[in-house]
1. If we count every other residue with Cβ under 11 angstrom of Phe111's Cβ, Lys/Arg +1 and Asp/Glu -1, where does the sum land?
2. Ignoring ligands, DNA and RNA, please state the percent of accessible area on the chain from carbon and sulfur, probe 1.4 Å.
3. For the chain, report the accessible area per residue in Å² (1.4 Å probe, heavy atoms, rounded to an integer).
4. Can you give the log10 of the normalised intensity I(q)/I(0) at q = 0.27, 0.28, 0.32 Å⁻¹, computed with Debye over equal Cα scatterers of region 54-106?
5. Any idea how far apart Trp2 and Thr77 come out in nm if each label point goes 7 Å out from Cα toward Cβ?
6. I'd like the Karplus ³J(HN,Hα) series for region 115-121: coefficients 6.51, -1.76, 1.60, θ = phi - 60°, whole numbers in Hz, and an x wherever there's a Gly or Pro.
7. Order 142-152, 41-51 from most to least packed using the mean count of other Cβ atoms within 10 Å.
8. With θ set to phi - 60°, apply the Karplus curve 6.51 cos²θ - 1.76 cosθ + 1.60 along region 61-75 and write out the HN-Hα couplings as whole Hz, x wherever there is a Gly or Pro.
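The values are calculated or read from the model by the stated rules, or taken from the named source; none is laboratory data. Please read these numbers as outputs of a predicted model, since none were measured by experiment. FYI the Cβ positions are ideal-geometry reconstructions off the backbone, even for glycines, and counts take in every protein chain you see. Areas reflect the complete protein model, heavy atoms only, side chains present, ligands, DNA and RNA absent. Shrake-Rupley method; radii C 1.70, N 1.55, O 1.52, S 1.80 Å.
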Amino acid sequence: EWWPQSKAKESNFWDASKARPAGGDEYNGDSSVEEIRKMLEEHNIVTGHFGKGQAKSFREFVFEVQNGSARLMLDATQHKTVVRVVDVVLLRLCIVHQGTKRFLVKKIEKFPDGREKKDLNQLPGTKRAPHENGRQTTERVLRERLRMTGCKIQFDFMKGEAFEESEESPSYPGVRTVYRKEIF
């Protein structure tokens, strides 16, 4: 049933005086900037190296955690160890050119502030958003990153490959990251 605003207000569904804008710097979901900084410090992760050289900024780290594209989890195999977990979708794009198979490879990444990562030699891809499945992420990579909207590309989503890799993140020095990768 649709209620008029006056009746909804009387029912006390929400207290607007306590509301904050979604996506604000101080609070989003369950993880505020200071809570994230405190958690990292408690697990001996120094954030002072973030945003230097090829590393991303602390603000970018917090945004990843807040929007769900990365999660912070405790590693049950090691005492007081936190890991960043990222779901990644990679595309293995192949063409046959003059009788030879050729694969598309990402060689360089340029950040908005002008910094560059060179000699990456990776398959193109990106982090899977929390609301996406592998197919949706694949379509987003083709559309937004590769700008291949008019191309006829076929994927066999039933034969995707999945594996995990664990390493110190080049984007966030001192943070061990588990990459859960799917390749289509």
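1. Net charge in that neighbourhood comes out at 0.
2. Values: 6560 of 13110 Å².
So the carbon and sulfur contribution to the accessible surface is 50 percent.
3. Per-residue accessible area for the chain comes out at 71 Å².
4. At q = 0.27, 0.28, 0.32 Å⁻¹ the computed log10 ratios are -1.06, -1.08, -1.14.
5. For Trp2 paired with Thr77, the spin-label model returns 5.6 nm.
6. Along region 115-121, the couplings run 5, 9, 10, 10, 6, 6, 6 Hz.
7. The peptides rank, most packed first, as 41-51, 142-152.
8. Coupling constants for region 61-75: 4, 4, 4, 4, 5, 5, 8, x, 6, 9, 10, 9, 9, 7, 7 Hz.
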